[in-house]
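For reference, the structure discussed in these notes is given below.
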Amino acid sequence: MRKPMIAGNWKLHKTVEEALDLVEALKDELTGIDDADIIVAPVFTALGKVAETLSGSNISLAAQNCYPEKTGAFTGEVSPMLLKDIGCRYVIVGHSERRQLFGESDEFINRKIHSLLEEELQPIFCIGETLEERENGRMYDILTRQVKEGLKGMEAAAMRNIVIAYEPVWAIGTGKTATDEQAAEAHAFIRGLLQGVFDQETADATRILYGGSVKPENVDGLMAQDDIDGALVGGASLKAPDFARIVRFKRN
Ligand code: PEP
């Protein structure tokens, strides 16, 4: 069985003080929930203090990005080793904002995933097509390329520590959620890809999250789909009651 995972991507929001207020509220709202992995991904500057506040709670810490090298002359970058040192357990990689705004390639994302696994950190590996790609009938090609290139050189056993997030770019931050059927279809396709690249057992065991305008109003329908194992949540993760409601999605 795949344990559900709900992860909040705070993007470039919240001072340290605001971040601490939010995690205190989340700790209160989410006490005792142990049937889902709950994750928050604050900005780099808040990670240390948030890690201290989350210590001993049922909420884990993620970073939003990393650089694949451990140390060295890479001004402005942060490595998996340093993220582990500060208390992160997960790192988001390949987010469409990084692909689109910062020109990150599949090859670069692949290096990050290898580097995270070496530090025993768990990548949350984002993939997804743009609206143009979907409308031009290229969605399956794009997902295939992103999965194959992003996971290049990976052993099947490594997939135990990798979470995939399917995030159609046209649904991120736009308020336009994929319908339950659209999301379910893409997730089933991605699981099929994993079966082809690895094997059935690996495909069945890998968690695939949906991301793209997930909110309290649509989470139950999405989570009812067989191949949707959780959510990567942007905007709605910035308000404790909304994120808590998403974590408390309707169990079957
Ligand atoms: C995201 O940041 O990964 C995301 C899905 O954002 P939003 O929920 O705001 O669409």
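The values are calculated or read from the model by the stated rules, or taken from the named source; none is laboratory data. Nothing here was measured: the structure is a model prediction, and the numbers come from that model. Quick reminder, even Gly has a Cβ in these numbers, built from the backbone with ideal geometry, and neighbours come from all protein chains shown. To get the accessible areas, we keep the full protein, side chains included, count just its heavy atoms, and leave off ligands, DNA and RNA. Shrake-Rupley method; radii C 1.70, N 1.55, O 1.52, S 1.80 Å.
One table, with the values for the structure above:
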read-out	value
Counted residues, segment 111-132 - those being open to solvent by 20 Å² or more (accessible area, probe 1.4 Å), outside any loop (DSSP other than H, G, I, E, B) and modelled with pLDDT of 95 or more	5
Residue that is nearest to the ligand (Cβ to nearest atom), among those in segment 79-98 that are over 15 Å from Ser55 (Cα atoms) and either over 17 Å from the mean Cα position of the chain (by Cα) or open to solvent by 40 Å² or more (accessible area, probe 1.4 Å) (or both)	Glu97
Failed criterion for Ser60 (all others in (1) open to solvent by less than 10 Å² (accessible area, probe 1.4 Å); (2) in a strand (DSSP E or B) hold)	(1)
Per-region count, segment 208-229, residues within 12 Å of the ligand (Cβ to nearest atom), within 13 Å of the chain's Cα centre (by Cα) and either within 14 Å of Glu29 (Cβ to Cβ) or not β-branched (Val, Ile, Thr) (or both)	4
Some residue of segment 102-122 being within 19 Å of Val40 (Cα to Cα) and within 16 Å of the ligand (Cβ to nearest atom)	no
Residue under evaluation Lys152, criteria (1) surrounded by 23 or more Cβ atoms within 10 Å (Cβ to Cβ); (2) at pLDDT 95 or above, criterion not met	(1)
Condition met for Ala157 (in a helix (DSSP H, G or I), farther than 23 Å from Ser96 by Cα and more than 15 Å from the chain's Cα centre (by Cα))	yes
Subset of segment 230-252 that is open to solvent by less than 50 Å² (accessible area, probe 1.4 Å) and in a loop (DSSP other than H, G, I, E, B) - its residue that is nearest to the ligand (Cβ to nearest atom)	Gly234
Residue match in segment 193-203 (condition: assigned to a strand (DSSP E or B), touching a Lys or Arg at 6+ places or on another chain (Cβ under 6 Å) and modelled with pLDDT of 95 or more)	no
Leading residue by the ranking (farthest from the ligand (Cβ to nearest atom)) among those in segment 168-187 that are open to solvent by 10 Å² or more (accessible area, probe 1.4 Å) and in contact with a Gly (Cβ under 7 Å, 6 or more places away or on another chain)	Asp180
Only one of Gly48, Gly8 that is open to solvent by less than 10 Å² (accessible area, probe 1.4 Å) and either modelled with pLDDT of 95 or more or not in a loop (DSSP other than H, G, I, E, B) (or both)	Gly8
